[in-house]
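Below: one structure, written as C-alpha cells.
The values are calculated or read from the model by the stated rules, or taken from the named source; none is laboratory data. Note that the structure is predicted; figures quoted are calculated from it, not measured. Here the Cβ positions follow ideal geometry from the backbone for every residue, glycine too, while neighbour counts run over all protein chains shown. When the accessible area is computed, the model is the full protein with side chains, heavy atoms only, and any ligands, DNA or RNA have been set aside. Shrake-Rupley method; radii C 1.70, N 1.55, O 1.52, S 1.80 Å.
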Amino acid sequence: MASSSSSRHSSNNKLAESENASAENSNNMSWGIELWDQNDNLAIHTNRGIDALDKYANFLRDRVAIETEYAGKLRRLVKNYQPKKKEEEDNEFTSMQAFRNLLKEVGDLAGQREVVSESLQLQIIQGVTLLSKTLRDDRKKCLSDGAMLQQNLSTQLSSLERAKRNYEKAYRDSEKAVENYKKADMDLNLSRAEVERYKTIMTSKIQQSDDAKNEYANQLQKTNNLQQQHFSILLPAVLSRLQELDEKRTRGIREFIIGAAEVESSVAPIIARCMEGIVKAGESINEKEDSFKVIERYQSGFTPPTDIPFEDLSKLDPDSLQDHYSNSMSNHLTMRGTMSANKIKKRVGIFNIFGSNKQRQIIEACITMKNSLTADGQKEDFSDLPPNQQRKKLQAKIAELQQKIAQETNARDGLMKMKIVYETNSSLGNPMTVEGQLNESEHKLEKLKIDLKKYQGYFERANQAQVANNSPQANRNQLQNGHRTSRHSNGSADDHHDEGDDQPDDAGSLSSSASPESGLGTSHTSLPGSGQGSANENAIGEDAYFETEVEPLQPLGTCRALYPFEASSEGSIPMNEGEELQVIEIDQGDGWTRVRRANDSNGWDEGFVPTSYIECTLYA
C-alpha cells in the first residue's frame with residue numbers, strides 16, 4: 001500500500017512538472033523569436049483568425065434570428081389555440097384545463113427563447129463585433145509598423161549596396177591608376193611631367209578608393225546595427241503584438257462560446273419547470289371526473305318512458321270506439337297540419353274551437369314568451385331547459401343573488417355606520433351626504449331580495465315539476481290516464497282533471513304527440529285548429545269536411561344549419577349546411593326544434609331538426 005501510494009504521488013508530481021514545463025515553454029514561445037522570418041504568413045494567419053471570429057458572429061446572428069422566429073411562432077401557436085368564448089363552457093373539464101395550462105407553459109417557453117435571443121444579442125454578439133473591430137484595427141496598425149520597419153531596413157540595405165558598389169568601382173579605378181603610373185614610370189619616352197600627371201591621378205584614385213572604403217565600412221556598420229535591432233527588438237515587438245492580438249481573438253472566442261452556453265443554461269431551470277408544468281397538466285387529467293361533469297351538464301332529469309299499455313278495442317263500447325276513431329282521425333289531421341301549411345281538409349267542428357279570439361290569445365302568449373327571454377336567448381325561469389339543467393341554472397342564479405345581497409348589505413351597513421359617525425361628530429362630515437347613497441343602496445337591496453324570492457319560487461316549482469314529470473313524454477302535451485295535461489310557458493304541468501274541468505286547454509290542445517319525430521311540437525305555438533276535441537265539443541259528422549287555408553305560425557326567430565341533416569323519421573325535415581330556416585317552436589328539452597321553410601309550390605314545409613345542428617337567433 002505504501003509503495004503504491006508513493007508511486008501514485010510521484011506520478012502526480014511528474015505530471016505537475018510536465019505541465020509546468022509545457023507552460024514555461026508556451027510562455028517562452030514567441031512569434032518574434034521563432035517566426036522572425038514569417039511576417040507574411042503571420043499576416044495571413046491573423047486575418048483568417050479575425051475572419052473566423054466574424055464567422056462566429058454571423059453564426060450567432062442566425063441563431064438569434066432562429067430563436068426570435070421560434071419564440072414568435074410559439075406565441076402565435078398559443079394565440080391560435082386559445083379557447084374561444086363559445087368554448088368557455090368546456091373549461092370545467094380537466095382535459096380542457098390541462099390544455100389551457102399546457103398553452104400557458106408553452107407561452108412561458110416562448111418567453112425563455114426570447115430571453116436567450118436578447119441575451120445573445122446584447123451580451124455575445126455585441127462583444128464579438130466590438131472585439132473583431134478592435135482586432136482588425138490593431139492588426140492593421142501592427143502590419144503598418146512592421147512594413148515601416150521593413151522599409152527602413154530595406155533602405156539601409158540599399159544604401160549599403162550603393163556604398164559597396166562605389167567602393168568596388170573606386171578600388172578598381174585606383175588599381176588601374178597605379179598600373180598606369182607604373183607603366184608611365186618605366187616608359188623612358190615619357191617626360192617627367194607626364195609621369196607626374198599619372199602619379200597625381202593614381203594618388204587621387206587611391207584617395208577616392210579609401211573614401212569609398214570608409215563609406216562602405218560606415219554603411220555596413222549602420223546596416224548591421226539596424227538589422228540587429230530590427231530582428232532582435234523592433235520586429236519581435238511587432239510580431240509579439242500580432243501574437244497577443246491572435247491570442248486575444250482565440251481567448252475571446254472561448255469566452256464567447258462559454259458565455260453563449262451559459263445564456264442557454266441560465267434559462268434551462270425555467271424551461272425544466274415549464275416541462276414539469278406540462279407533465280403536471282397532463283397528470284391532472286381525470287377521465288372519470290370529466291365523465292361525471294358530462295353527466296352533470298347534459299343530464300335532463302327525465303326518467304325513461306314506461307311501458308305502453310295494450311288497448312283491447314273489443315272490450316270498448318261502440319260509443320267509446322267511435323270516440324277513439326274520431327280521436328285517431330283528429331291526430332292524423334293534426335299531423336298533416338303540422339307537417340305542412342298547405343291547403344288541407346279539416347273538420348268544421350275541430351277548426352271552430354279556435355276562433356279569432358283564440359288565435360289572438362296564442363299570438364299574445366308567443367309575444368309574452370319572447371319578451372321573457374334573457375339576453376342569451378333563454379327564458380327567465382330557464383323553463384326551456386331540461387328539468388335537471390333548469391334546477392342547476394336556478395341554483396346558480398340564487399347563489400349569485402345571495403352573494404350580491406351580502407355585498408350590498410355590507411355596503412349599506414358601512415354607509416349607516418358612516419352616517420352615525422357624521423351625526424355624532426359633524427366636523428367629520430355632513431350626514432346628508434350619505435343619505436342619497438343609503439337610499440340607493442336600500443333600493444338595490446330591496447330589488448335583489450325581490451329577485452331572490454322570485455327565483456326561489458321558480459326553483460320550488462321546478463322541483464315540484466320534476467316530481468310530477470318523470471318522463472320525457474311529460475314535457476309534451478298528451479293524454480294520460482284519461483285526462484289531458486299541458487305544458488305551460490314556465491315548464492310546469494297542470495292537471496285539468498283534478499279541477500273537474502273537462503274543457504280543452506287552449507295551449508295544450510295544439511299538440512298531442514310525445515316525440516319530435518311525430519311532427520308535433522311541445523309548446524303552445526303549434527298550428528291552430530290541430531288540437532284534439534274534448535268530450536263536450538260539438539263534433540261534426542265525419543263527412544262534413546271543407547277545404548280551408550291554414551294561416552302559418554308567427555316565427556319566433558331564424559336559424560342557420562351548421563351541419564346537413566337527413567330526415568330519417570316522420571315529423572323531421574332535411575336541411576342543408578348553411579340553410580336559413582324560420583324557428584316556429586323552440587327546443588323544449590328533448591333536443592329538437594321545430595322549423596319552417598318555403599317550398600317551390602308557394603307553400604311551407606314544417607318539421608323538427610336536431611337543436612345541436614342549428615344556430616338560432618330569436619327575435620327580441
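A few notes on this one:
- Other residues within the sphere of radius under 13 Å centred on the Cβ of Y563, judged by their own Cβ, net out at -3 (K and R +1, D and E -1).
- Put simply, the amide H of I614, placed in the peptide plane, has neighbours under 5 Å in L562, leaving out anything fewer than 5 places away on its chain.
- Note, ³J(HN,Hα) from phi for the stretch 613-619, Karplus 6.51, -1.76, 1.60, rounded to Hz, x at Gly and Pro: 8, 10, 10, 9, 10, 7, 6
- Residue-count net charge about C274 - beta-carbon cut-off 10 Å; Lys, Arg +1, Asp, Glu -1: -1
- Of E606, E92, the order by accessible heavy-atom surface (1.4 Å probe, DNA, RNA and ligands excluded), from most exposed downward, is E92, E606.
- Annotation: amide H-H contacts under 5 Å for K379 (H modelled 1.01 Å from N, sequence separation of 5 or more, or interchain): T374, D384.
- Largest accessible area first, the residues L428, L77 order themselves as L428, L77 under a 1.4 Å probe with ligands, DNA and RNA left out.
- Using the Cβ of L438 as centre and a radius below 14 Å, the other residues enclosed give a net charge of -3, where K and R count +1 and D and E count -1.
- The stretch 133-180 and the stretch 429-453: distance between their alpha carbon centers, rounded to Å: 110
- Subtracting the Cα-Cα distance of W36 and E435 from their residue separation scaled by 0.36 nm leaves 133.6 nm.
- The heavy atoms of R75 offer some 100 square angstrom of accessible surface to a 1.4 angstrom probe.
- Per-residue surface analysis assigns W592 an accessible area of about 50 Å², computed on protein heavy atoms at 1.4 Å probe radius.
- Using R0 = 22 Å, the C-beta based FRET efficiency linking N58 and T250 works out to 0.75.
- Note on S314: accessible area approximately 100 square angstrom, rounded to 10, probe 1.4 Å, nucleic acids and ligands left out.
- Label-to-label distance, nm, for residues given as N576 and Q123 (7 Å Cα→Cβ offset): 6.4
- Under 5 Å from the amide H of T593 lie the amide H atoms of V609, T611, each residue being 5 or more positions distant or on a separate chain, with H modelled from the backbone and absent for Pro and chain starts.
- Gained length - D187 relative to I308, 0.36 nm times residue gap less alpha-carbon distance: 26.5 nm
- Here the extension length gained between E446 and Q407 equals 12.7 nm, from 0.36 nm per residue of separation less the Cα-Cα distance.
- When each of the peptides 125-131, 583-589, 434-440, 108-114 is scored by the mean number of other C-beta atoms lying within 10 Å of its residues, the order from highest to lowest reads 583-589, 108-114, 125-131, 434-440.
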